[in-house]
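Here is the structure we will look at, set down as structure tokens.
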Amino acid sequence: MYASIHGVDYAGLILRFALGIPMLAHGYNHMFGGGKLPGTARWFASLGMKPGWLHARFATYTELAVAPMLFLGVLTPLACAGVIGVMLVALITNHFKNGYFIFRPGEGYEYVLFITMTAFGLAALGGGKVSLDNAFNLGGWMYGGKGLLLGLFGVVGALGLLAVFWRPEKPSAEA
């Protein structure tokens, strides 16, 4: 039976790529660009994520894993949970203190919040008809409230990671 593709399916496809491209780019940059993983590890440690080498790998491997999941539309809400987790850690450890706009010194949280909220929306939307979720008949239980609930795993993961590993330096008291 022919299943017609609707606007919501095109929207899901576009949103999957809109999230997958920056995740792939960030993961690739952490792994192969600039300071590579050791530089990323030093940066994470400077944010208070100790040990830095572990969190550089957590973030990098998550970004590199969720990108193809998003491109293919496989386990879409769980891929979104990965995006949400990475972005919430970035929001809390680095961006929130700098204010809303990304052009502010230190980069505000505008971009990170947008990516996070888009991932929540896509988790609820699901992979759509143009996805492996649909091809494998997984989409029926992975959208709507259930998809959103699966996306919340990213929040739980981020908050758990921060509770256990985030140890930012205390501001020095100036007399």
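Filtered by the rule that a residue be closer than 18 Å to HIS6 by Cβ and in a helix (DSSP H, G or I), region 135-147 gives ALA135, GLY139, GLY140, GLY144, GLY147. Among the criteria (1) farther than 30 Å from SER4 by Cα; (2) surrounded by fewer than 16 Cβ atoms within 10 Å (Cβ to Cβ); (3) of a type outside the set (S, T, N, Q), the one ALA158 does not fulfil is (2).
When region 23-36 is filtered for residues that are closer than 17 Å to VAL89 by Cβ and either open to solvent by 20 Å² or more (accessible area, probe 1.4 Å) or out of contact with any helix residue (DSSP H, G or I) (no Cβ under 9 Å at 6 or more places or on another chain) (or both), the ones remaining, listed by number, are HIS26, ASN29, HIS30. Test GLY147 against the criterion of being in contact with an Asp or Glu (Cβ under 9 Å, 6 or more places away or on another chain), within 19 Å of LEU13 (Cβ to Cβ) and either buried (at least 17 other Cβ atoms within 10 Å of the Cβ) or modelled with pLDDT under 95 (or both), and give yes or no. The answer is no for GLY147. If you go through region 127-175 and keep only what is in contact with a helix residue (DSSP H, G or I) (Cβ under 9 Å, 6 or more places away or on another chain) and aromatic (Phe, Trp, Tyr), you end up with TRP141, TYR143, PHE153, PHE165, TRP166. Would you confirm whether any residue within region 124-134 is surrounded by 18 or more Cβ atoms within 10 Å (Cβ to Cβ), of a type in the set (Asp, Glu) and assigned to a helix (DSSP H, G or I)? The answer is yes; a qualifying residue exists. Of all the residues in region 65-89, those that are outside any loop (DSSP other than H, G, I, E, B), open to solvent by 20 Å² or more (accessible area, probe 1.4 Å) and farther than 12 Å from GLY154 by Cβ number 5. Among the numbered conditions (1) over 23 Å from LEU150 (Cβ atoms); (2) surrounded by fewer than 18 Cβ atoms within 10 Å (Cβ to Cβ), the only one that MET49 does not meet is (2).
Any idea which of ARG16, ARG42 is buried (at least 19 other Cβ atoms within 10 Å of the Cβ), out of contact with any strand residue (DSSP E or B) (no Cβ under 6 Å at 6 or more places or on another chain) and part of a helix (DSSP H, G or I)? Please lay out each step first, then the result.
On the way: ARG42 fails: buried (at least 19 other Cβ atoms within 10 Å of the Cβ).
So the residue among ARG16, ARG42 that is buried (at least 19 other Cβ atoms within 10 Å of the Cβ), out of contact with any strand residue (DSSP E or B) (no Cβ under 6 Å at 6 or more places or on another chain) and part of a helix (DSSP H, G or I) is ARG16.
The values are calculated or read from the model by the stated rules, or taken from the named source; none is laboratory data. Just so you know, these numbers come straight off a predicted model, no measurement behind them. A quick note on method: Cβ atoms are made from the backbone with ideal geometry, for glycine too, and the neighbour counts reach across all protein chains shown. We work out accessible area using only protein heavy atoms, side chains counted, and drop any ligands, DNA or RNA first. Shrake-Rupley method; radii C 1.70, N 1.55, O 1.52, S 1.80 Å.
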